[in-house]
1. For L116 and N269 in one chain, what is 0.36 nm times their gap in residues minus the Cα-Cα distance, to one decimal in nm?
2. Taking +1 at the Cβ of each Lys and Arg and -1 at the Cβ of each Asp and Glu, which of M211, P134, F147 sits farthest along the dipole of the chain towards its positive end, judged by Cα position relative to the Cα centre?
3. Calculate the spin-label point distance for L126 paired with N296, positioning each point 7 Å from the Cα along the beta-carbon direction, and give it in nanometres.
4. Starting from 0.36 nm per residue, how many nanometres of slack lie between V66 and S304 once their C-alpha separation is accounted for?
5. Pick the calculated semi-axes √(5λ) of the Cα gyration tensor in Å for this structure from (i) 28, 23, 18; (ii) 31, 25, 22; (iii) 42, 32, 16?
6. Full-extension gain between R104 and E196, please, as 0.36 nm times their residue separation minus the C-alpha to C-alpha distance.
7. Determine, from the Cβ-Cβ distance of F96 and I249 and an R0 of 45 Å, the FRET efficiency 1/(1 + (r/R0)^6), rounded to the nearest 0.05.
8. Hey, can you list the DSSP H helices of the chain whose Cα span along the axis is 30 Å or longer and whose average Kyte-Doolittle score is at least 0.5?
Amino acid sequence: MTATATQRIKAKVRAGDRAFSTSTIVAGSLILAALAAVAVFLLAESLPAFSGDTTVMNSNPDNFWVYVGPLAFGTVWSSFLALLFAVPLSLGIALFISHYAPRRIAQGLGYVIDLLAAVPSVIFGLWGVKVLAPAIVPLYDWLHQTFGWLPFFAGQVDSTGHTVLTVAIVLAVMIIPIITSLCREVFLQTPKLHEEAALALGSTRWEMIKMAVLPFGRPGIISAVMLGLGRALGETMAVAMVLSPAAIISFVLTSSQNPTTIPANIALNYPEAHGIDVNVLIATGLILFVITFAVNSVARWAVSRRKEFSGAN
C-alpha cells in the first residue's frame, strides 16, 4: 500500500456545517453561562443575609437559618403533597390515552391536557380561592371528625379552607398536565414487539402494561415527575393567593396555621423590602435554587441508571 492510500480521507467541511456546529456550541455554552450567572448573583447577594441582622423580617428570627427553615419545609411539604395527588392521576390518564381510549377520544383528550398546561397560574389561584376552598371545608370537617386522632387532621379546622392541603390540590391540578403529557409520549414509544410478545404469552392488557410498558417508561416517568415537582416547587401566585401563611413547621393539613413557601414569601414581602430585607429574600431564593438543583440531580441519576432501557433518552 502506498502512502497516499494509507492517508486518512477527510470529508470536506462546508461553510453551512461549520456555522451550524458553531451555533450549537454557542447555544449550549449560553445555557451554562446563564446558570452560572444566576448562581453567582444569588450567592453574592445572599452573603449579607447569612451574617447580618434579620430581625427586621416579620417573624423576628434569631438568624437567617431560623427564618428560612419553615419556608423550606413548607415548599417541600406542599410539593410532596401535590405529587401524592398528581402522580397516580397522571399515570392513569396517560395510560388511558395511550392504551385504552379509542383513537378519536385519545386525540381530543390529549389536546385538552396540552391546553390545560397553558392556563396561567393566577387562574388556578382564583379557582382555588373562590371555588375549591369554600367547597372543600365540609370535607375537612369530616376528616377532622373521623381521623382527628391522626396528627395530620388534628386541631381546629380552618373555616375558610385556605390550608396547605388546598394548596396541594391546586398544585396537583397544575402539574397533572405536565406529567400526563410526558408520560403519554413515553408510553407511546414502547416497542410494539414488547407489547405483542406479552399479549402472545397470554397476558391481559393490564399485565402487558405492567410487564412491558411501565418498565420501559420508568425513566421517562421519573423525568416527568421531576419536571412536575420543579413546577410545584417554584409556583408563586397560586400559593400566595390560596394559603394563609405562618412561619411555622407543622404537618397539620387542615388548620389555619400553615407553613408558607419560599416563592410565595418572596412575592408577598419583596415589594416592601429594603436594605438587608432584600438580601434575606434573595438568600431564600438561593435555598430554593439549591433544593431544585438537588432534586433534578437525583432525577438525572435515577434516569441514567436505566438509560439503555429508557423511553426518555
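Here, each number is a calculation from the coordinates, and none is a lab measurement. From a predicted model like this one, the values you see are computed outputs, not experimental measurements. Note: ideal-geometry Cβ built from the backbone for every residue, glycine included; neighbour counts use all protein chains shown.
1. Values: separation 153, 0.36 × 153 = 55.08 nm, distance 2.98 nm.
Difference between extended and current length: 52.1 nm.
2. The residue sitting most towards the positive pole is M211.
3. The answer from the label model is 3.1 nm.
4. Values: separation 238, 0.36 × 238 = 85.68 nm, distance 3.63 nm.
Gain in length upon complete extension: 82.1 nm.
5. Given (i) 28, 23, 18; (ii) 31, 25, 22; (iii) 42, 32, 16, the structure-derived one carries the label (iii).
6. 30.9 nm
7. Values: r = 38 Å, r/R0 = 0.85.
FRET efficiency, F96 to I249: 0.70.
8. Working: long enough: 15-51 (54 Å, 1.39); 64-95 (45 Å, 1.74); 164-188 (35 Å, 2.31); 276-304 (42 Å, 1.66).
Helices passing the filter in the chain: 15-51, 64-95, 164-188, 276-304.
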